[in-house]
1. Would you mind stating whether Val75 is under 16 Å from Leu10 (Cα atoms), in a helix (DSSP H, G or I), of a type in the set (Val, Ile, Thr) and at pLDDT below 95?
2. Would you point out which residue out of Val59, Val47, Val52 is outside any helix (DSSP H, G or I), open to solvent by less than 70 Å² (accessible area, probe 1.4 Å) and modelled with pLDDT of 90 or more?
3. Among the listed residues Ile65, Ile14, identify the single one that is part of a helix (DSSP H, G or I), at pLDDT below 95 and either crowded, with 17+ Cβ neighbours inside 10 Å or among the β-branched types (Val, Ile, Thr) (or both).
4. Looking at Arg81, is it surrounded by 14 or more Cβ atoms within 10 Å (Cβ to Cβ) and charged (D, E, K, R)?
Amino acid sequence: RHPELRHPALAELIAQDERNGTSLAASLLAWLEAQQNVQTAAGRLHVHPNTVRYRLRRVREIAPIDLDDSDQRLVTWLELRLRELLPAADAA
């Protein structure tokens, strides 16, 4: 409900996923929830770890988010989780 609170880079990432049928945002969320463990994220996504690595490289190219910064990881995780939990809020 508050678009001014959304990270524009994540909005672009999600828009690109929708346009291209990709799963970059879901892969980023899985990686964040796996505490940045590629193997665990790959298992959750049922893909090869190299697929997760590739998707994370694409995320870094599309969305200028410093995933090495713990604060940015937290904010990114929170926004992705809220989008997952409140999908109707995106339509508003």
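1. Spelling it out, Val75 is indeed under 16 Å from Leu10 (Cα atoms), in a helix (DSSP H, G or I), of a type in the set (Val, Ile, Thr) and at pLDDT below 95.
2. Working: Val59 fails: outside any helix (DSSP H, G or I); Val52 fails: outside any helix (DSSP H, G or I).
Only one candidate qualifies: Val47.
3. Result: Ile14 is the single residue among Ile65, Ile14 that is part of a helix (DSSP H, G or I), at pLDDT below 95 and either crowded, with 17+ Cβ neighbours inside 10 Å or among the β-branched types (Val, Ile, Thr) (or both).
4. Details: surrounded by 14 or more Cβ atoms within 10 Å (Cβ to Cβ): no; charged (D, E, K, R): yes.
No.
The values are calculated or read from the model by the stated rules, or taken from the named source; none is laboratory data. It should be emphasised that the depicted structure is a prediction, and the values quoted were computed from it without experimental measurement. Positions of Cβ are backbone-derived with ideal geometry, glycine not excepted, and every protein chain shown enters the neighbour counts. Each accessible area value is taken on the protein alone, full model and side chains, heavy atoms only, with ligands, DNA and RNA left out. Shrake-Rupley method; radii C 1.70, N 1.55, O 1.52, S 1.80 Å.
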